[in-house]
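Enquirer: Supplied in structure tokens, the structure appears directly below.
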Amino acid sequence: MPFKPIRALLAALMLLLFVGCEGAFSFMPESTPTPSPTATSTPPHTPAPTSTLTPSPVPRKLILGCTPSPDGRWLAVVDDLGVRVYETASYSEVWRAPVTGILEDLQRNWVQIAWADDSTAFIVSISQEVYVPVVRDVSHLSRFDAASGKLLWQQSFEDHHGVAFAPDGNHFLLISIYRDLGELWDGSVPERTGTLELPQYATLEWPRTGNWSPDGTLLAGKLAIGSPTQAVEIIEGVISLSSDGPTREPGIFVWDTVTGKLITKLRDSRQGTYSTNLGWSPDGSYLISDENGRFILWNTETWRFQSQIVYDEPFKWASIDLSPDGTKLMSLLYYNTFEGNDIRFAIHAWEMPSGKHLPAASGALLASSNTTSFDFVGWLPDRSSFLYQVDERIVTLDTSQGQIGEPFPIPQASKAWETLPSFDIDYYQLSPDGKHIYFVEPQAVVVYDEQTGEVIAELVD
């Protein structure tokens with residue numbers, strides 16, 4: 001995208017105003033969560049002004065996401081009217097509270113729920129593009145106490161179009177509208193702890209969950225590098241400002257997430273390193289990247305090339321999902337066979353860190369261009385089996401035995417969102433103990449038994 005000097009100047013002025021006002025930040029008044037009739041009553045709180053928390057005036061009740069707490073005790077659900085929390089022993093509602101910032105055009109709301117690793121609190125993040133009265137990007141963040149629903153803090157970040165949370169659920173990265181600024185925040189306070197050190201004319205590529213190290217102290221990612229603006233006489237007598245669009249920079253950049261300091265740049269000298277996805281071993285000893293049809297492991301003590309995994313059939317793209325104990329790598333490989341423009345996906349598994357291919361547990365399910373939905377759901381607690389979803393089925397694959405479990409259908413999956421516009425929602429979530437699968441429908445969260453596929457509960461308003 002050509003460099004826009006005027007917009008960049010405005011963005012810089014906004015940043016100066018933001019930094020100048022940062023010291024004036026104060027905690028927002030507390031909301032008054034509404035307990036359900038069956039829930040234990042919560043202590044009273046000071047009601048928040050209506051200007052602080054404003055629910056949507058139109059009661060559409062469209063669910064925008066759900067996430068279980070790390071200890072499995074709670075399930076947080078966000079819809080266009082606010083957030084509500086259920087206790088998972090009986091799936092009864094405990095409390096609900098409004099959140100700020102939901103747009104009337106629900107498709108423009110990108111919702112995330114980030115739980116603190118001790119399950120005592122969580123942050124609801126709503127990032128959106130606003131077109132009226134002017135085009136702008138904004139992210140709204142609200143942090144709640146899990147047990148009582150008390151609003152701990154709330155803040156809106158203008159000209160920041162996205163939020164990427166660290167594994168602890170407390171720290172996060174805020175990205176500016178032009179992606180030329182990355183701010184590091186401690187959400188438990190909250191306070192800004194630093195900014196990412198970026199080369200000149202660099203823009204951030206959107207970070208994913210796998211970019212954060214397990215302890216949250218490091219962030220790996222990709223950059224695109226642009227060029228300075230130049231005065232060009234395209235038409236005689238008319239001077240225009242122009243610059244080349246940013247191009248992807250080969251290599252992986254690694255930052256300290258407390259100070260934002262750039263620690264190193266990883267690049268395999270044998271080939272350009274254009275990684276799509278990243279992942280860290282659970283102990284943080286190596287970083288794995290998907291690059292040019294292969295996987296590369298980087299030693300995080302020396303920051304040097306450690307080893308590579310090359311599969312017989314080169315792939316175009318691959319997901320990276322390491323088992324909780326780091327002994328298995330599951331990947332959804334994407335191919336284009338060029339036979340009738342057929343697009344295929346296949347699941348493969350490897351032992352880690354040796355890179356030994358597990359053929360009995362690989363290629364178990366191929367999804368062709370006729371497949372409408374194909375996704376990784378999560379690893380089961382046995383650390384050798386995982387769930388994946390294809391169209392209207394949930395399937396278990398045991399990587400140690402190469403056995404596929406009996407798939408069970410999800411009848412709601414095929415039609416639930418058919419009449420609605422596309423939403424950026426994680427439709428499937430797995431409980432921490434692996435016993436329950438949560439499927440997000442437009443007006444309900446359906447809880448399935450992972451073993452039988454039976455419906456345990458339907459969480460509706």
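Enquirer: Hey, can you tell me all the residues within the range 135-147 that are surrounded by 18 or more Cβ atoms within 10 Å (Cβ to Cβ) and either among the aromatic types (Phe, Trp, Tyr) or not in a strand (DSSP E or B) (or both)?
Expert: Listed by number, the residues that qualify are Phe144, Ala146.
Enquirer: Determine whether the range 43-63 contains at least one residue that is of a type outside the set (S, T, N, Q), touching a Leu at 6+ places or on another chain (Cβ under 6 Å) and at pLDDT 85 or above.
Expert: No, the conditions are met nowhere in the range 43-63.
Enquirer: Looking only at the range 192-213, decide whether some residue is closer than 22 Å to Gly82 by Cβ, buried (at least 18 other Cβ atoms within 10 Å of the Cβ) and not small (Gly, Ala, Ser).
Expert: Among the residues of the range 192-213, not one is closer than 22 Å to Gly82 by Cβ, buried (at least 18 other Cβ atoms within 10 Å of the Cβ) and not small (Gly, Ala, Ser), which makes the answer no.
Enquirer: What's the number of the condition Glu129 fails, among (1) surrounded by 22 or more Cβ atoms within 10 Å (Cβ to Cβ); (2) in a strand (DSSP E or B)?
Expert: Only one criterion is unmet by Glu129, namely (1).
Enquirer: Shifting gears a bit: For the range 313-356: of the residues being surrounded by 14 or more Cβ atoms within 10 Å (Cβ to Cβ), modelled with pLDDT of 75 or more and among the small types (Gly, Ala, Ser), which is farthest from the chain's Cα centre (by Cα)?
Expert: Gly355
Enquirer: Moving to a separate point now. List, please: which pairs have Cβ atoms under 9 Å, are six or more places apart or on different chains, and start with a residue in the range 427-442 that is under 17 Å from Asp80 (Cα atoms) and open to solvent by less than 10 Å² (accessible area, probe 1.4 Å) and end with one that is aromatic (Phe, Trp, Tyr) and not in a loop (DSSP other than H, G, I, E, B)?
Expert: Close Cβ pairs satisfying both conditions: Val440/Tyr428.
Residue-by-condition table, conditions (1) at pLDDT below 90; (2) under 20 Å from the mean Cα position of the chain (by Cα); (3) open to solvent by less than 20 Å² (accessible area, probe 1.4 Å):
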site	(1), (2), (3)
Asp71	no, yes, no
Ala76	no, yes, yes
Asp80	yes, yes, yes
Tyr86	no, no, yes
Ser92	no, no, no
Asn109	yes, yes, yes
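The values are calculated or read from the model by the stated rules, or taken from the named source; none is laboratory data. All values reported here derive from a predicted model rather than from experimental measurement. In this analysis, Cβ positions are derived from the backbone assuming ideal geometry, glycine residues included, and neighbour counts consider all displayed protein chains. In case anyone asks, the SASA skips ligands and DNA or RNA and just uses the protein heavy atoms, side chains included. Shrake-Rupley method; radii C 1.70, N 1.55, O 1.52, S 1.80 Å.
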